[in-house]
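Below is one structure, written out as structure tokens, with a few remarks after it.
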Amino acid sequence: MAKPDLNIIVCVDPQRCLTLKYQGRNSGALLQEIQDQVRDQGLSERVQATPCRCIFGCTYGPRIDVINRVTGEKVLYGSVEAPVIISVRGRVDMKKIPDHLIELAQANLS
Ligand code: FES
């Protein structure tokens, strides 16, 4: 299988993100929902959603990064929509996790 255009990585680190809830779901549930929606929308060839450990910005978790392999752009998602300072990366523009999780894919595909 060819590499997907978009990688959605969801932090399921038990140190923090897995214990945080966003709209009633922890990061494990968010990951499952994203994977289901990607499959249901027929985007499995272009979009991959996988679990990961800490990607920094835990304070704003659950944290999700979306990486476009075509453009090289990385978009950071969390519980706030604001410029924030996170360890290792410094100042970044954090986007709020969308109500409809499939928008993580739709908004970032080229
Ligand atoms: S534990 Fe999830 S970003 Fe740090």
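Counting only residues that are within 12 Å of the ligand (Cβ to nearest atom) and assigned to a strand (DSSP E or B), segment 26-48 holds 0 of them. Applying the condition of being assigned to a loop (DSSP other than H, G, I, E, B) and surrounded by fewer than 17 Cβ atoms within 10 Å (Cβ to Cβ) to segment 5-25 and asking which residue is nearest to the ligand (Cβ to nearest atom) yields R16.
Which one of the conditions (1) away from the ligand (no atom under 14 Å from the Cβ); (2) at positive phi; (3) surrounded by 17 or more Cβ atoms within 10 Å (Cβ to Cβ) does G90 fail to meet, given that it meets all the rest? G90 satisfies all of (1) away from the ligand (no atom under 14 Å from the Cβ); (2) at positive phi; (3) surrounded by 17 or more Cβ atoms within 10 Å (Cβ to Cβ) except (3).
Among the residues of segment 53-78, those identified as within 20 Å of Q106 (Cα to Cα) and of a type in the set (A, V, I, L, M, F, W, C) are I64, V66, I67, V70, V75, L76.
Just so you know, all these numbers are worked out from the coordinates, no wet-lab data involved. A quick note: this is a predicted structure, and the numbers were derived from the prediction, not measured. Reconstructed Cβ throughout: ideal geometry from the backbone, glycine too, with neighbour counts over all protein chains shown.
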